[in-house]
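Reading through the structure tokens given below for one structure.
The values are calculated or read from the model by the stated rules, or taken from the named source; none is laboratory data. The shown structure was predicted, so the numbers you read here are calculated from the model rather than taken from an experiment. Ideal geometry is used to build each Cβ from the backbone, glycine not excepted, and the neighbour counts take in all protein chains shown. The area values use the complete protein model at the heavy-atom level, side chains included, leaving out ligands, DNA and RNA. Shrake-Rupley method; radii C 1.70, N 1.55, O 1.52, S 1.80 Å.
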Amino acid sequence: MTKNRLEGFSDGVIAIIITIMVLELRAPHETNPAALVPLVPVFLSYLLSFVYLGIYWSNHHHLLHAVKHVNGGVLWANLHLLFWLSLVPFVTAWMGENHFAPWPVALYGTVLLFASIAYYILTRALISLHGADSPLTKAVGRDFKGLISTVIYFVAIPLALVRWWLACALYVVVTIMWLVPDRRIERTLIE
């Protein structure tokens with residue numbers, strides 16, 4: 001199967017996820033700037049999630065650029081990733097509306113953890129389909145950043161229950177690590 005439908009569907013789902021998330025930002029009924037203060041946690045959680053979704057979209061684009069075709073296993077692995085990403089608006093809203101309370105922050109990290117695992121599974125399904133000598137396999141390599149991100153989530157989730165702000169700081173660290181799109185695929189395809 002060609003990869004075009006998978007790319008188009010994934011792009012559409014991620015766009016819808018971002019749209020749903022922004023709809024959770026409710027305008028205050030008052031007109032003075034002080035009315036915006038209670039919305040700061042909601043906006044900060046939205047900003048963090050928007051960056052996360054942008055990172056996933058960008059790296060997903062790079063990943064699919066390096067492949068020639070997909071199969072049923074890849075389609076299901078991609079749906080698995082999209083499932084976890086589709087939960088981002090819920091955990092973002094819960095975390096922001098409750099001013100970064102411990103349980104919402106822990107659940108936010110849990111969704112991020114499972115999204116990272118799902119992305120790993122998608123990557124492995126594509127590598128399995130394209131073979132050990134494929135440009136994708138060479139580009140992905142050991143995926144050190146992916147492994148470190150997953151470890152950080154494992155640390156941040158229980159940490160959220162005792163120090164929510166440290167867990168959030170760890171989530172920000174992961175976004176900073178991934179803010180620049182993964183250039184391994186670009187470098188490999190250019191060589």
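Quick notes on this structure:
- Note that the stretch 1-158 shows a convex hull volume over its alpha carbon atoms of 106 Å³ per residue.
- What the Cβ-Cβ distance of THR2 and ILE176 gives, at R0 = 45 Å and to the nearest 0.05, is a FRET efficiency of 0.80.
- Whole-number percent relative contact order across the chain, with pairs defined as alpha carbons under 8 Å at least 6 apart: 26 percent
- Carbon and sulfur %, accessible surface of the chain computed with the full protein complex present, 1.4 Å: 72 percent
- The GNM of the chain, with springs linking C-alpha atoms under 10 angstrom apart, assigns the highest mean-square fluctuation among PHE144, PHE90, PHE114 to PHE144.
- Solvent exposure of the chain as accessible area per residue, Å², 1.4 Å probe: 54 Å²
- The stretch 86-165 and the stretch 18-54 have Cα centres separated by 23 Å.
- For the chain, modelled as a GNM whose springs connect Cα atoms under 10 angstrom apart, the maximal fluctuation among GLY109, GLY73, GLY54 occurs at GLY73.
- Top of ALA15, ALA167, ALA118 by mean-square fluctuation, Gaussian network on the chain, Cα under 10 Å: ALA15
- Helix-only mean residue ellipticity at 222 nm for the chain, each DSSP H run of n ≥ 4 adding -39500 (n - 2.57), per residue, nearest 500: -25000 deg cm²/dmol
- Cα principal axis extents for the stretch 20-90, largest first, Å: 54, 19, 14
- Mean Kyte hydropathy of -1.0 or more with a Cα span along the axis of at least 15 Å, helices from DSSP in the chain: 4-23, 40-65, 72-86, 102-130, 144-160, 164-178
- Pairwise FRET efficiency - ARG26 versus TRP76, Cβ, R0 = 35 Å, nearest 0.05: 0.45
- Simple spin-label estimate for LEU129 and HIS69 gives 1.0 nm between the two label positions (7 Å along the Cα-to-Cβ direction from each Cα).
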